[in-house]
Structures are given as C-alpha cells and as structure tokens.
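The block underneath contains the structure these notes are about, expressed in structure tokens.
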Amino acid sequence: MKRLLITGAGGNLGRMARSRLTHLAETIRLSDVAEMAPQTSGEEVVPCDLADFAAVKDLVDGCDGIVHFGGMSVENTFDVILDANIRGLYNVYEAARQTGCRRIVFASSNHAIGFHERETRLDADSVLRPDSLYGVSKCFGEAVARLYYDKFGIETAIVRIGSCFDEPKDRRMLATWLSADDFVSLIERVFAAPRLGCPIIYGASDNDESWWDNSKVAYLGWRPKDNAEKFRAKFAGDPPDEGTAPAVRFQGGGFAAKGHFED
Ligand SMILES: NC(=O)c1ccc[n+]([C@@H]2O[C@H](COP(=O)([O-])OP(=O)(O)OC[C@H]3O[C@@H](n4cnc5c(N)ncnc54)[C@H](O)[C@@H]3O)[C@@H](O)[C@H]2O)c1
C-alpha cells in the first residue's frame with residue numbers, strides 16, 4: 001500500500017498500531033481528536049474530528065486502506081456515541097466510497113454480542129445482542145460495513161475485538177484476551193488477502209477458554225498464537241464466576257451488568 005490511515009491513533013490500540021504497522025505502507029497517516037506524538041519519517045499526523053464529514057473526506061483521500069479505531073471505546077451518553085461512533089463511522093465509509101478507498105479494518109466489539117450467555121458458542125452468523133449503547137453503535141458499524149460491501153464492494157474485516165491489552169485484567173479476559181502480536185498478525189492477513197469480503201472475525205487469541213468460533217473465516221489463514229491461560233494463576237484469589245449475576249452470566253461482563261448510562 002502507498003498510504004494506510006489509522007484513526008484513533010492517539011488511543012491505546014492506535015498507539016500500538018502506530019509502532020507495529022509501519023511495514024504495511026509507504027506512509028502511515030495517523031488521526032485523532034486527542035493529542036498524538038509528533039510525526040516522524042514515513043508518517044503524516046492529521047488531527048480530525050470524525051463527526052466532521054468534510055474533514056474526514058480530506059483525511060481519507062489518498063488512502064488505500066484504513067484501520068478504523070477512532071471512536072468512543074466504552075459506554076457513554078447517546079449524544080457522545082452518536083457523534084463518535086455513528087456519525088463518525090458513517091463519515092469514514094462515505095468518505096471511503098467517495099475517494100475510492102477499498103479495504104477497511106473496523107474495530108467492532110464483543111459488546112455487540114455481549115448479552116449472549118457465556119455457555120453459548122458464537123460464530124459469524126450468531127445474532128447480535130448488544131449489551132450497551134456502545135454495543136448498539138458497533139452493531140450499526142457492522143451494518144454499514146456490510147452495506148458498503150454489498151452495494152459498493154468496499155471490503156471490511158469486522159473485528160469483534162475481545163480485550164486487547166498487554167495482559168488479561170480479570171478472569172473474564174482469560175476468554176476474551178487478544179494479544180497485540182495476534183492482532184498485528186490479523187491486520188497483516190487482512191491487507192495481504194487477495195480477496196477479503198466482509199467477514200465477521202472474533203478478535204481473541206488462541207485461549208483455552210473460548211466462547212467464539214472463527215472457522216467461517218478460515219480462508220483468511222489467520223492463526224492466533226498466544227493463549228491467556230498462562231495468566232490464570234493471577235486470578236486464583238478472585239471470587240468464582242458462579243451464579244446468575246449478569247456480570248458472570250453474560251459474555252459482555254460488566255457492560256451487561258451496568259445500568260443505563262443516562263440514568
Ligand atoms: N482495546 C480493546 O480491548 C477493545 C475492545 C473492543 C473494541 N475496541 C475498539 O477498538 C477501538 C480502539 O480502542 P482503544 O482501546 O484504543 O480505545 P481508546 O479510547 O484508547 O482510543 C480511541 C480513540 O478514538 C478517539 N476518538 C474518539 N472520538 C473521536 C472523534 N469524534 N473523532 C476522532 N477521534 C475520536 C479518542 O480520542 C481515542 O484516542 C475503539 O473503536 C474500541 O471501541 C477496543
């Protein structure tokens with residue numbers, strides 16, 4: 001690729017991607033509303049509010065691919081979610097259509113399916129069961145990605161990211177953890193694949209405890225290598241995941257358990 005855009009480049013995953021994806025394009029364009037480190041060689045730092053279509057169109061213009069991380073990454077008021085994740089997401093896709101960008105990684109979330117119970121094994125055809133307004137916004141994003149593939153042929157890897165941190169932070173993340181190495185190898189596969197389509201991919205490492213089945217995207221050839229099991233002993237003293245409380249019953253954990261943000 002000549003130019004790859006990373007939105008949300010000032011955030012956790014954006015900073016990780018900034019340091020790990022330089023080999024994918026001659027130039028990496030980095031964007032956020034938040035502060036970003038100054039640009040270095042091979043980079044273009046372009047501040048932009050995703051809610052501003054004219055600015056997003058300029059941002060996307062000239063990019064061959066997009067890794068779309070920008071947006072509100074946890075639950076918030078509807079107005080905040082609306083601008084960052086709904087209007088912002090739409091702006092990215094419409095700008096991609098108008099400027100000819102053909103391939104996108106969309107950072108969806110396990111919170112699009114967070115009201116499924118933990119005993120249910122999900123795959124790409126499982127029904128959406130969002131656990132929050134944040135989760136609803138990811139369902140919207142997945143639908144826009146699908147529309148722009150079916151109607152305009154813009155390919156998207158819809159990645160329902162589990163928990164992408166250095167290490168799992170609680171026992172739930174033993175099932176949902178995605179290592180940075182595995183995420184990087186997934187993004188590499190997405191941009192290397194001759195044909196991508198618009199697959200739904202569960203973004204989790206090769207964890208022993210697993211709620212998600214990626215067999216329908218085997219054609220991508222992504223093989224996560226890390227396993228959260230090595231961290232299990234860290235959570236030995238935590239209360240057991242027993243009972244019917246929403247935080248332990250549902251895949252979305254605390255997001256499913258929380259009350260409505262607006263209350
Ligand atoms: N980290 C995870 O484990 C995880 C899990 C599931 C989904 N995701 C998704 O992955 C993406 C990145 O996650 P993260 O952990 O890096 O989150 P983050 O909050 O650290 O980063 C998101 C970035 O988006 C930017 N942003 C927010 N609103 C914006 C707007 N209107 N215009 C431009 N930029 C805006 C923020 O300033 C922030 O820097 C998010 O979309 C999140 O929903 C992450």
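Below is a table of values for the structure above.
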read-out	value
Three-way shape label, segment 221-263, alpha-carbon gyration tensor, a/c 1.5	oblate
Helix-only mean residue ellipticity at 222 nm for the chain, each DSSP H run of n ≥ 4 adding -39500 (n - 2.57), per residue, nearest 500	-8000 deg cm²/dmol
Rounded to whole Hz, the Karplus (6.51, -1.76, 1.60) HN-Hα couplings of segment 96-106, x for glycine and proline	4, 4, 6, 9, x, 7, 10, 9, 9, 9, 9
Extended-chain gain in nm, criterion 0.36 nm per residue less alpha-carbon gap, residue 2 and residue 20	4.8 nm
Residue-span extension gain [residue 77 to residue 102] - 0.36 nm each, minus C-alpha spacing	5.8 nm
Angle between the chain longest axis and helix 180-192 axis [Cα atoms, degrees, rounded to 10]	50 degrees
Alpha-carbon centroid distance for the pair segment 124-173 / segment 194-238, whole angstrom	14 Å
Longest site-free stretch - the chain; sites: trypsin sites (Lys or Arg not before Pro), DSSP loop, at most 12 other Cβ within 10 Å	3-120
Relative exposure of 173, 1, judged by other C-beta atoms within 10 Å (fewest first)	1, 173
Lysine pair count for segment 151-263 [Cα-Cα under 30 Å; pairs on different chains or 8 or more apart]	11
The chain, relative contact order in percent, only Cα pairs under 8 angstrom and at least six apart counted	17 percent
Which of 12, 210, 115, positive extreme of dipole for the chain (C-beta unit charges)	210
Amide hydrogen neighbours beyond the local backbone of residue 178, cut-off 5 Å, H modeled	163, 164, 165, 205
Debye, to nearest 20: dipole size of segment 3-257, +1 on Lys, Arg Cβ, -1 on Asp, Glu Cβ	480 debye
Residue order, fewest to most surrounding Cβ atoms within 10 angstrom, among 120, 244, 27, 40	244, 40, 120, 27
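Here, each number is a calculation from the coordinates, and none is a lab measurement. These numbers were taken from a predicted model, which means no experiment stands behind them. Note that each Cβ is placed from the backbone with ideal geometry, even for glycine, and that neighbours are counted across all protein chains shown.
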